[in-house]
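Okay, structure first, notes after.
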């Protein structure tokens, strides 16, 4: 199995992909291919260069990953699994604390450590990178550079952990989803140590009228279907026009879920079922 992830090695996506493979009990040899950004990971899946991809979708501090949500709408892919990874950002460098003049990291990681940076490095230059592991790789070049990244990145690139666990909120988790090109989809039957089955959809109401969202959500409520997440995102068609990303408990093949989706489809301009899947959580 060939799996595409945001790289280079040592990224949280890397950790998520390896964790998902292990939780699935996949015994054949798996190869991870690292890409520079999330868009490239999607492209590799769609073009068949990888069997699947693992991408971040949501962080408990900074919220959703917009590019992932957009590409789930635009791409012909199916979500086949999710894994939640505890995030422990560390300050990594080849040099000492007093040497640091530049801090590098992914924008999400920088945002998750905003207060730490302000408190300890207010006058330091901040540079963004494509991933936390890319920041660690660059920080290996000069003593004056530091990266905000994982302890795995420190090991991968020979850096010292100057300060561990530096995110502003200690309970920090990122949710990743495993995606596969829709026409290559296989049914995931693994349930050991998994969450209940979850289904993700995107709904576009289109007709902006009073009560339309209430009616959509009512189809779930009257069937006692629990929604675990609902988020609006601009449709990019006009200001104030939104899509709704919804996660719910249950499988799209369940009679009650199937009935709800059938009635919702008649109330919206577009309904896309992203997939039904199991979820796992990695230990620290």
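A short reminder: the numbers here are calculations on the coordinates, not readings from a lab. These numbers come from a predicted model, not from an experiment. In this analysis, Cβ positions are derived from the backbone assuming ideal geometry, glycine residues included, and neighbour counts consider all displayed protein chains.
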What distance in nm lies between label points placed 7 Å from Cα along the C-beta direction at residue 96 and residue 254? 5.9
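Fully extended, how many nm does the chain gain between residue 221 and residue 171 (0.36 nm per residue separation, minus their Cα-Cα distance)? Before the final figure, lay out each step's value.
Values: separation 50, 0.36 × 50 = 18.00 nm, distance 3.02 nm.
Fully extending the segment from residue 221 to residue 171 adds 15.0 nm.
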Rank the residues 204, 280 as a footprinting-exposure proxy: fewest other Cβ atoms within 10 Å of their Cβ go first. 204, 280
Using the beta-carbon distance between residue 239 and residue 128 and R0 = 30 Å, what value does 1/(1 + (r/R0)^6) give for FRET efficiency, to the nearest 0.05? 0.65
Residues of region 139-181 with amide N under 16 Å of the 7 Å Cα→Cβ point at residue 47: 181
Angle between the Cα long axis of helix 12-24 and the longest principal axis of the chain, 0 to 90 degrees, nearest 10? 50
Region 241-284 and region 1-78: distance between their alpha carbon centers, rounded to Å: 20
So what are the three principal axis dimensions of region 198-277 from its Cα atoms, in whole Å, longest to shortest? 36, 23, 18
P(r), alpha carbons of region 1-61 - 5 Å bins starting at zero, rounded %: 4, 20, 30, 25, 15, 4, 1, 0
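Test of understanding: ordering 18, 222 by Cβ neighbours within 10 Å, fewest first, what list do you get?
Values: 18 18, 222 10.
Neighbour counts put them in this order, fewest first: 222, 18.
Between residue 33 and residue 62, what is the FRET efficiency for a Förster distance of 25 Å, r being their Cβ-Cβ separation, to the nearest 0.05? Walk me through the numbers on the way to the answer.
Numbers: r = 26 Å, r/R0 = 1.05.
For R0 = 25 Å, the calculated efficiency reads 0.40.
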Principal axis lengths of region 41-87 from Cα atoms, whole Å, largest first? 33, 19, 15
